[in-house]
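Remarks on the structure that follows.
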Amino acid sequence: AGAKSYAFRYKLNGRTRRLKLGDAAVLTADEARKLAIEARARFQRGEDPAQERKDARDAMTMNRFWEVYYTRHAEPKTRPRTLAEYERVWMTALKPCLGTLQLPALTTDLLEKQIMERHRRTPCKANRALSLLSAMLSKAVLWGYIERNPCRGIARNPEYARDIRPLSADEHRALLRALDEERREGDFAAAVAFELIMFTGARQGEVLHARWAHFEFHADGRAFWNKLATDTKQK
């Protein structure tokens, strides 16, 4: 089909067996050789690597794969706020309809019905669910659980930009007065955080997770905020 992959071939009980090692666009030749050596060692110990892969794949439900995806990829490589959003989408949109299904049972037609049609009244929710599921199943392909990503080809719902405009001068002054009052008589920290967002354009998460050690205050009145690359979306 125009794709290239590495495989380990061996004979067991007179039958030729084939264990896919990975996509040639992802694996290097040296990495594929190492995997082939490991598979050969297992075969020489009397194991059947291809059958074991198939058994594991057939037994892998979406509930179980979510745990694998979460611990192996999402948790160590995703920002906390995004991770929380992934968890919310999984629990509300994906787990109820797909959790007990096995990975090989997922087809494009089934996913289109269970996600896009099921959430037709909430098109943005359907798009978020499809995006997360597609990312999960891309990893399932890379890790050898399935051959292809069944999310490919499913069209996203159209999304329309919200009507956003800048504040007028009067609105801006009114907001500053309200924040000043909040700072004096209400939630001081919330008012200051809001002002910092207004005057720097920083994201909410960057402001709420800032530490005093990141700020420099100079005698001449100048102040600097040094944001760590690990704390910013753009790195």
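The values are calculated or read from the model by the stated rules, or taken from the named source; none is laboratory data. A quick note: this is a predicted structure, and the numbers were derived from the prediction, not measured. In this analysis, Cβ positions are derived from the backbone assuming ideal geometry, glycine residues included, and neighbour counts consider all displayed protein chains. The protein model used for the area step is the full one, side chains on, heavy atoms only, and it has no ligands, DNA or RNA in it. Shrake-Rupley method; radii C 1.70, N 1.55, O 1.52, S 1.80 Å.
At-a-glance table
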| item | result |
| --- | --- |
| Counted charge near Arg45, where neighbours are those whose Cβ lies closer than 12 Å (Asp, Glu -1; Lys, Arg +1) | -2 |
| Charge context of Asn157, other residues only, Cβ under 14 angstrom, K/R +1, D/E -1 | +3 |
| Dipole moment magnitude, nearest 20 debye, region 70-217 about Cα centre, only Lys, Arg, Asp, Glu C-beta charged | 740 debye |
| Accessible surface, region 125-235, averaged per residue in Å² (probe 1.4 Å) | 72 Å² |
| Gyration tensor verdict on region 116-155 (Cα atoms; rounded if a/c is under 1.5, prolate if a/b is larger than b/c, oblate otherwise) | prolate |
| Inter-centroid distance (Cα atoms) of region 135-155 relative to region 57-115, Å | 11 Å |
| Probe 1.4 Å, protein heavy atoms only - accessible area per residue of region 53-112 in square angstrom | 56 Å² |
| Kyte-Doolittle mean at least 0.5 and Cα axial length at least 27 Å: DSSP H helices in the chain | 123-142 |
| Dipole moment magnitude, nearest 20 debye, region 25-140 about Cα centre, only Lys, Arg, Asp, Glu C-beta charged | 420 debye |
| Extended-chain gain in nm, criterion 0.36 nm per residue less alpha-carbon gap, Leu12 and Lys139 | 42.8 nm |
| Cα-based shape type of region 53-131, given that a ≥ b ≥ c are square roots of the gyration tensor eigenvalues and the cut on a/c is 1.5 | oblate |
| The chain - percent relative contact order, Cα under 8 Å, separation 6 or more | 12 percent |
| Label-point separation in nm, Thr61 to His172, each point 7 Å along Cα→Cβ | 5.7 nm |
| Modelled FRET efficiency - R0 45 Å, His73 with Arg184, Cβ distances, 0.05 increments | 0.45 |
| Paramagnetic reach from Leu208 in region 66-92 [backbone N under 16 Å; point 7 Å along Cα→Cβ] | 79-88 |
| Dipole magnitude of region 140-235, debye to nearest 20 (Cβ charges: Lys/Arg +1, Asp/Glu -1, about Cα centre) | 580 debye |
| Rounded, prolate or oblate (a/c below 1.5 giving rounded, otherwise prolate when a/b exceeds b/c) for region 149-230 by Cα gyration tensor | oblate |
| Among the listed pairs Lys4/Lys139; Lys77/Lys227; Lys54/Lys125; Lys4/Lys235; Lys20/Lys139; Lys20/Lys95, those beyond 22 Å (Cα-Cα) | Lys54/Lys125; Lys4/Lys235; Lys20/Lys95 |
| Theoretical ellipticity at 222 nm over the chain - DSSP helices of four or more residues, -39500 (n - 2.57) apiece, nearest 500 | -14000 deg cm²/dmol |
| Carbon plus sulfur fraction of accessible area for the chain, probe 1.4 Å, in percent | 52 percent |
| Candidate values [x] 0.95; [y] 1.11; [z] 1.46, label of the one derived for Cα Rg over 2.2 N^0.38 Å | [z] |
| Charge-dipole axis of the chain as Lys and Arg at +1 and Asp and Glu at -1 on Cβ define it, positive-most pick from Thr107, Leu137, Ala223 | Thr107 |
| In nm, spacing of pseudo-spin labels at Arg165 and Asn226 (7 Å Cα→C-beta vector) | 4.3 nm |
